[in-house]
Amino acid sequence: LYLFDIHTGATVFCNRISDDTIFVTCREDSSGGVLGVTSRKGQVLSISVNESTLVPYLVSVNQSPLAIQLASRLNLPGAEGMYIAEFNRLFGSGDVNGAARLAAESPQGVLRTKETIEKFQQLPVVPGQSPPMLQYFKILLEKGKLNHLESIELARIVLQQNRQQMLENWLKEDKLECSEELGDMVVQFDAKLALSVYLRANCPEKVVNCFLHSGDYDKIVAYSNKVGYSPDYILMLQNVVRQNPQGAEMLAKLLVNNEGGSLVDIGMVVDVFMQLNRIEETTSFLLDALKEI
């Protein structure tokens with residue numbers, strides 16, 4: 001059996017696996033390997049690569065350069081120690097760009113950690129050059145999508161510079177890992193952009209809050225029904241009616257006239273309005289809610 005690296009032609013593995021001739025083979029989809037049948041005994045052999053041991057095996061047979069290449073290209077485990085050592089060597093020698101690229105390409109994200117980010121943050125800015133932290137993130141973005149921690153840290157930088165447009169572009173390009181934490185940071189600067197983050201991160205409570213603050217009451221019911229979220233609508237009305245009685249009236253009508261059936265008890269809605277003596281809104285709501293009865 002011969003196993004080659006198709007990119008370099010290097011021999012990865014070579015060994016006899018049967019004394020008999022293997023006269024027919026076919027692909028085995030479940031393992032990504034092959035099945036073979038021997039000619040004399042009719043043995044069926046299953047042959048596949050053990051991804052968890054491939055890199056350590058190459059290191060053990062003194063093929064460390066090939067081990068690093070395969071680990072990076074195929075995102076295989078086993079080269080963590082070598083990557084960390086090489087990163088520290090490049091970083092220590094002042095090769096910021098080389099260290100950043102190595103971190104970006106590290107298998108299993110072994111170098112894409114909080115510690116790596118802190119290392120770049122602590123580097124001084126060279127006059128006439130971009131800060132090392134931004135150089136690192138630029139290389140990561142070229143590589144693909146940022147992880148949770150990287151997304152938070154990059155967003156923090158661009159928001160402090162009031163460059164929300166860059167954040168919006170990265171969201172459209174799916175370069176950031178959206179999370180509730182990221183949305184909570186963005187909402188302090190741009191509520192509309194934060195809504196995009198919350199939607200992508202599947203945070204229904206925060207999405208509904210954004211719709212409330214923007215007055216998009218019709219979207220609250222449609223969105224909640226779509227994702228199967230059940231807010232406390234009565235509590236929601238109690239909060240809205242204090243700030244925006246007309247908005248609360250609109251929301252109440254939407255809840256009662258929901259296509260799949262009323263989402264609130266009419267009597268409880270009346271109580272919400274009457275507790276604040278909102279007679280006009282109560283009358284308008286009741287005329288609308290009872291017209292079909």
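The values are calculated or read from the model by the stated rules, or taken from the named source; none is laboratory data. What you see is a predicted model, and the numbers here were worked out from it, not measured in a lab. Cβ placement follows ideal geometry from the backbone for every residue including glycine, while neighbour counts extend to all protein chains displayed. For accessibility, only protein heavy atoms count, side chains too; no ligands or nucleic acids. Shrake-Rupley method; radii C 1.70, N 1.55, O 1.52, S 1.80 Å.
Given the options PRO245, GLN129, VAL264, identify the residue whose Cα lies farthest towards the positive end of the charge dipole of the chain (+1 on Cβ of Lys, Arg; -1 on Cβ of Asp, Glu).
Among PRO245, GLN129, VAL264, the one farthest towards the positive end of the dipole of the chain is GLN129.
Which residues' amide hydrogens lie under 5 Å from the amide hydrogen of VAL37, considering only partners 5 or more residues apart or on another chain, with H built in the peptide plane?
PHE23, VAL24, LEU45
How much solvent-accessible surface does MET82 expose, in Å² to the nearest 10, with a 1.4 Å probe and all protein chains in place?
50
FRET efficiency for VAL227 and GLN160, Cβ-Cβ distance as r, R0 = 25 Å, nearest 0.05?
0.20
Counting only pairs 8 or more places apart or on different chains, how many lysine pairs in the stretch 43-188 have C-alpha atoms closer than 18 Å?
9
Can you give me the solvent accessible area of TYR83 with a 1.4 Å probe, rounded to the nearest 10 Å²?
Here the residue's solvent-accessible area equals roughly 10 Å².
When the helix-only estimate is applied to the chain (DSSP H runs of n ≥ 4, each -39,500 (n - 2.57), divided by the residue count), what is the mean residue ellipticity at 222 nm, nearest 500 deg cm²/dmol?
Details: 16 runs with 169 residues, N = 293.
Computed mean residue ellipticity for the chain: -17000 deg cm²/dmol.
Using heavy-atom solvent-accessible surface (probe 1.4 Å) with all chains present, what is the largest-first order of HIS7, HIS213, HIS148?
Working: HIS7 130, HIS213 170, HIS148 65 Å².
From most exposed to least exposed: HIS213, HIS7, HIS148.
Go through [x] 155; [y] 182; [z] 203 and flag the label whose value is the computed volume of the Cα convex hull per residue in Å³ for this structure.
Checking each listed value against the structure points to [z].
If you count only protein heavy atoms with a 1.4 Å probe, what accessible area per residue comes out for the stretch 108-204, rounded to a whole Å²?
54
Any idea of the accessible area per residue across the stretch 209-293, 1.4 Å probe, to the nearest Å²?
The answer is 59 Å² per residue.
Do any chymotrypsin sites (Phe, Trp or Tyr not before Pro) in the stretch 155-200 lie in a loop, going by DSSP, with at most 16 other beta-carbon atoms within 10 Å of their beta carbon, and if so which?
Loop-located and lightly packed - PHE189.
Would you mind telling me the share, in percent, of accessible area of the chain contributed by carbon and sulfur at probe 1.4 angstrom?
Within the chain, the accessible surface is 50 percent carbon and sulfur.
Using Cα pairs under 8 angstrom and six or more residues apart, how large is the relative contact order of the stretch 194-263, in percent?
24
Size of the dipole of the chain about the Cα centre, Lys and Arg at +1 and Asp and Glu at -1 on the beta carbon, nothing else charged, in debye to 20?
So the dipole magnitude of the chain works out to roughly 900 debye.
Once the dipole of the stretch 1-45 is set up with Lys and Arg at +1 and Asp and Glu at -1 on Cβ about the Cα centre, which of ILE6, VAL44, GLY33 lies farthest towards its positive end?
Highest projection toward the positive end goes to VAL44.
Order LEU35, LEU58 by their accessible area, 1.4 angstrom probe, all chains in place, largest first.
LEU35, LEU58
Could you give the distance between the Cα centres of the stretch 164-219 and the stretch 75-143, to the whole Å?
For the stretch 164-219 versus the stretch 75-143, the Cα centre distance is 29 Å.
Please give the charge dipole size of the stretch 151-281, origin at the Cα centre, charges +1 on K and R Cβ atoms and -1 on D and E Cβ atoms. Round to the nearest 20 debye.
In total the dipole reaches around 260 debye.
So, with +1 on the Cβ of K and R and -1 on the Cβ of D and E, and no other charges, what is the size of the charge dipole of the stretch 7-157 about its Cα centre, to the nearest 20 debye?
I would put it at about 120 debye.
At 1.4 Å probe size, what's the solvent-accessible area of LEU66? Round to the nearest 10 Å².
10
Given labels modelled 7 Å from the Cα in the Cβ direction, how far is it in nm from ASP5 to THR53?
About 2.1 nm, to one decimal.
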